[in-house]
Every structure is written in C-alpha cells, then in structure tokens.
C-alpha cells in the first residue's frame, strides 16, 4: 500500500523471523514519518465534531462578528471590513486546527498509544516530524476550506491568491504545529493542554494584529505585536488577500521602526520559529521513557 | 557478546541491578531463558518484576550488570532488541479511534515488516485470537478481553523471538484468561516463540515451563514448578473430626505430628500425605469426618523461600516504598 514501506526491505532471514538486518536508517525514518502522518489524517477525518467545529467557528466569526463590527467600523481604508477580517479568521482557524493536532500527543499519552510508538524500533525525531507534517496537512486543508467560506462571504478570489495562501500555509502550519508539539511534549493531561491553550494561544492570537491594523497603535501594543511570532504569519496572508482585491498597497505590513519587513522575511521568521520549536520539542520528547 | 551459549539462549541476564535513588529495585539477578520456553516471573508487587521487564524491553537502563535478548545487548543494541521482542503491557496501548486492522497495519509498518508479507501476517495473527471478523471495527467498541487479545496479536505481527506479557490476564474474566493461555500454548508449540511473562496468580505460574520467584529485588528460586514444589517437600493435610482437641493430642502422642487449627480445620504438613492416611485411620481413635491432602503450591514455595506469604510481602513492600519516598 505504500511505496515507502516496500523500499529496500531485506528478505527475512529466518522462518517468519524479524528482519534483523539493520534497515537503512533513512528508510526506517521515512516509514515512521509516513505512519505517524497517515494516522494524523485518519484521526482528523474520523473526528466529525472537530470537522464541524472547524467550519462553524470561522463562519461565525466572519459572518456574525464581521458583519456586526463592520456596522461600527464603516470604512477600513476602502476595503470591506469582512475582507480585512478574513486573513485573521483564516489564521485563527488553522491555528486551532494545527494546535489540536499537536495536542493529540497528549491524548496519545493519556490513552496509552504513545507507549506503542515509544517502544518501536524507530527514531523519536521521526515521530515528531511525522506529527508536524500531519498538522501541516490538516491545517492547510482547513485553510482551503476557509478559502471556500471566504469566497461565499464575498472576499475576492483569484488563482494566484489560492496558490499563494496554500504555499504560505504550508510554512505557517508547520511552525504552529511544531510550537504546539513543543508545548505538548511536557504536558501529561488534556486539561493541562487546554489550560496552555488559554494561556499561550489566545494572547498570541490577539497580539498578532489578526483582528486590527498594525499601525496607529499605542507604543506598548506595537512592541507586543512585533514580538508575537504569529504577527509574521498573519501579515503574508493578509497581503495575499488584499492583493487579490487590488488593494495590496493597503495591506498593513509589519514595520520595525522605519523598516518595512518584506513578505519573504516574514516567512523566514516563521520558519525560524518552527526550527526553534522543534529544537525545544525534541529533547523533551526523547527524554520521555514511555 | 561472549560465548555461543549466550547466543543460543533467548534471554541472558547477568548480575542485573537497578537503583532509583535510594530504592534498590533489582539487587543483582542472574537467569537464562531458552528458546521456545514459557518463563514466568512470580512475585508480589514491588518485588522488582516490572523493573526487570522494563530493562529487558529497553525501556530502562540497568545500573549494573547486563542483559541480552536473542544475542543483542539491551543497552548497546536497543533497536535490534526492539525488533526482536513483542510487548503486551498491563494497560492498553492501542489506538482506540482506529480499526483493529489499522492498528496492526501501522505496527507492522513501524517495525519494518516487508509489505508483501504484512497482510498475510496480520490475517494469521487476527485469526489466531479470533478477531478477524471484527477487523474493521474501531477498537473503542471492543471489550477489555478483546483488546487484550488484539494486543497479543499486535505483539506478534513482526514475528518476535520473545513475547513479553506483563500480567497478561489481569482484570480478565476466567474464560478469557483460559483463552489467552490457549494462545500461549499454541505459540510455543506451533511457532517456538519464547514467552516471558509476569504474574502474581499462582495458578498461572503453574502453567509455565519454568518459574523464577522474585522477592525484594532478588530471585529466590528458579525452576520448573513441579521441581520447586518438590523441593518444599511437604504435603498439607487437613482434617475434620468430631473432637479436634482429642485429635490433636492423639496426633502428637501416636504419630509425633504437631498440628494446628486453621479456619476450623486441623492442619499439618508431612513429607508424604498419602502414605500417612492408612496410619491416620488406624491409630486415631477420634471419629474422622473428612481428610484432604494437598500437594505444595507455589504459594508454599514462596513461603518456604522467603518466610512470608506473597500477600504479606506485598504489603510490606508497599510500606517500604512509601517510606523510601519520604
């Protein structure tokens, strides 16, 4: 069923015995990543409530909050408020999807399945990497669902927008999942993880400028937004969306003093955060003695 | 790795020790398990069984000594050991959201079972535990006994040399327990798989080829159950009479046997209970209502080697542990 699993397997030495010959490390790693990733997808697809919540929540934000707030904020520099809000809501949706995906690490430990993975003759780093790729896949899928919802809400779409958003999401979702995994690697209970969600995720989301422009803020909030890694994830998405409306010039870019941070640098910062998160997660996870 | 005998044995343990801070959980144990043997680890909770099994399964590092599975060192050749062992823990480690079949498929892929033999292998082990017709059901719909059976099947997917079963039948109904023992017998006879299990059920230890009795971090006796019991040497005779006091006095005077009353029954131990019976009827003037002769159990073996019953040892191990933690 998988090309990965068939590759270069030595024939079995003994009557039905295990393949004692040391399987090539890379083959074993790829196989592990594939299994963990595949399982993540099956879990996502099998979880109906999560799928429904994944659609219902952004719809609520975009249609109800977006419509309600636009009555209060009549003009957002010529862009309909819903269009302005869309990248923020998109970001929120993938944020939660990826974070919950990382949280399955905690439920695996509670349910006992973690032990099955930890005693397997595989590398822990491959397990973590598979988990992050799983989160990336379901997060990006969630983003695509969001694009459909956005189109229905009247956000202008183009092929370029769709392609750009998907490519950006691959980086962003990987980073968010890696961040979630770094947190989840230490947490023992789902309740603990939910508490972390409240403490870490909501402040990050609110400080990211997902729901308001980045200019004209008080100095302390400016500092906070620039320190928030999520800010650098929201900016590229918002630029892509406003670009499709022909309003790229209005997209609020991140600025450091007078320096305008280009989109590519935003994404480099996000990718760097992903590496830091993985570097934190791996030793935490490796120390885990099942 | 030294010596061909170490290669031949499925498990070789030499001078194994494990300390957790002040707690000396395993205090230098030695034993070997032959290929195809069903080897039982018997002892109270806190005796060091779980620690030993954790070291053998590469989940804990020994403080001193060595252990090898199928010729691979548990510290230096960890992945090779892991590929050669199957593990069934006390707590379930199945993915409840996935189907039974998918659980086994993922396991096979993680352990690098070649894709061309995996489907056949999975069908074989699922049929063995009688779950093939439930292969597409989510594990969350399974009963406790079905889950345990599925875990045993999963532990066999990669055709391990040694199957480790940590308290395999704990919390299961008698029928499932005997079913699981059926699999263990089948594994030994048909596939020559070595089975290493821990238990604190005496009747289960009786079914092993050999038993190691562990207490307070040490192995106090190893051998086939029948041999261990023979070493204890005494049968337990229980006697009900119309006048217990007179019977006890008569036993002392005529047969030189010291008897005591346990649970309203006169109880004493003799080397050969059956040979005593004719003399008992001939010489005891008190009317006898019933007699029973019991061969020594592993319980008696434990008692004779440690001077305490398993239940008492368990209680004192618990209080010692909590004391050490303080």
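Taken together, the values in this text are just the output of simple stated rules run on the coordinates, not laboratory data. Keep in mind the model is a prediction, meaning the values are calculated, not measured. Positions of Cβ are backbone-derived with ideal geometry, glycine not excepted, and every protein chain shown enters the neighbour counts.
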With Cα atoms, 0 to 90° folded angle of helix B:273-283 axis to chain B main axis: 20 degrees
Exposure proxy ranking, count of Cβ atoms within 10 Å, fewest first, for B:195, A:119, A:241, A:260: A:260, A:119, B:195, A:241
Rg and Dmax of chain A, Cα atoms only, in Å: 20.9, 76
Acute angle (nearest 10 degrees) that the helix B:174-186 long axis makes with the longest principal axis of chain B, alpha-carbon atoms: 70 degrees
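Determine the calculated [θ] at 222 nm for the protein assembly as shown from helices alone, applying -39500 (n - 2.57) to every DSSP H run no shorter than 4 residues and normalising by the residue count; nearest 500 deg cm²/dmol. Before the final figure, lay out the partial values.
Values: 26 runs with 326 residues, N = 616.
Mean residue ellipticity at 222 nm (helix-derived): -16500 deg cm²/dmol.
Using only the Cα atoms of the protein assembly as shown, what semi-axes does the equivalent ellipsoid have when each is the square root of 5 times a gyration tensor eigenvalue? Give whole Å, largest first.
On the way: eigenvalues 834, 131, 95 Å².
Over the Cα atoms of the protein assembly as shown, the semi-axes work out to 65, 26, 22 Å.
Cα gyration tensor of the range B:234-295, axes a ≥ b ≥ c as square roots of the eigenvalues: rounded (a/c below 1.5), prolate (a/b > b/c) or oblate? Kindly include the intermediate steps, with their values, before the conclusion.
Working: a/c = 1.39, a/b = 1.17, b/c = 1.20.
Rounded is the answer for the range B:234-295, as its axis ratio a/c remains below 1.5.
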Using alpha-carbon coordinates, inclination of helix B:244-255 to the longest axis of chain B, degrees: 90 degrees
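Can you give the mean number of other chain Cβ atoms that lie within 10 Å of the Cβ atoms in peptide A:117-125? Please list the in-between numbers first.
Working: counts 5, 2, 9, 11, 13, 6, 1, 0, 0.
Mean shielding by partner chains, rounded to a whole number: 5.
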For the range B:221-245 versus the range A:23-42, the gap between their alpha-carbon centres in whole angstrom: 56 Å
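Please arrange A:91, A:98, B:208 by counting, for each residue, the other beta carbons lying within 10 Å of its beta carbon, fewest first. List each step's numbers first, then the result.
Working: A:91 26, A:98 31, B:208 22.
Fewest-to-most ranking of A:91, A:98, B:208: B:208, A:91, A:98.
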Rounded to 5, the percent of DSSP beta bridges in chain B classed as antiparallel: 65 percent
Residue mean of other protein chain beta carbons inside 10 Å, B:156-162: 3
Over chain B, relative contact order from alpha-carbon pairs under 8 Å, at least 6 apart, %: 20 percent
Mean-position separation - Cα centroids, the range B:36-109 and the range A:218-290, in angstrom: 44 Å
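How would you rank A:158, A:215, B:50, going from fewest to most other Cβ atoms within 10 Å of each one's own Cβ? Let's see the in-between values first.
Numbers: A:158 13, A:215 10, B:50 20.
Listing A:158, A:215, B:50 from fewest to most nearby Cβ atoms yields A:215, A:158, B:50.
Indicate, rounded to the nearest 5 percent, the antiparallel portion of the DSSP beta bridges found entirely in the protein assembly as shown. Working shown, then result.
Numbers: 38 of 56 bridges.
Close to 70 percent.
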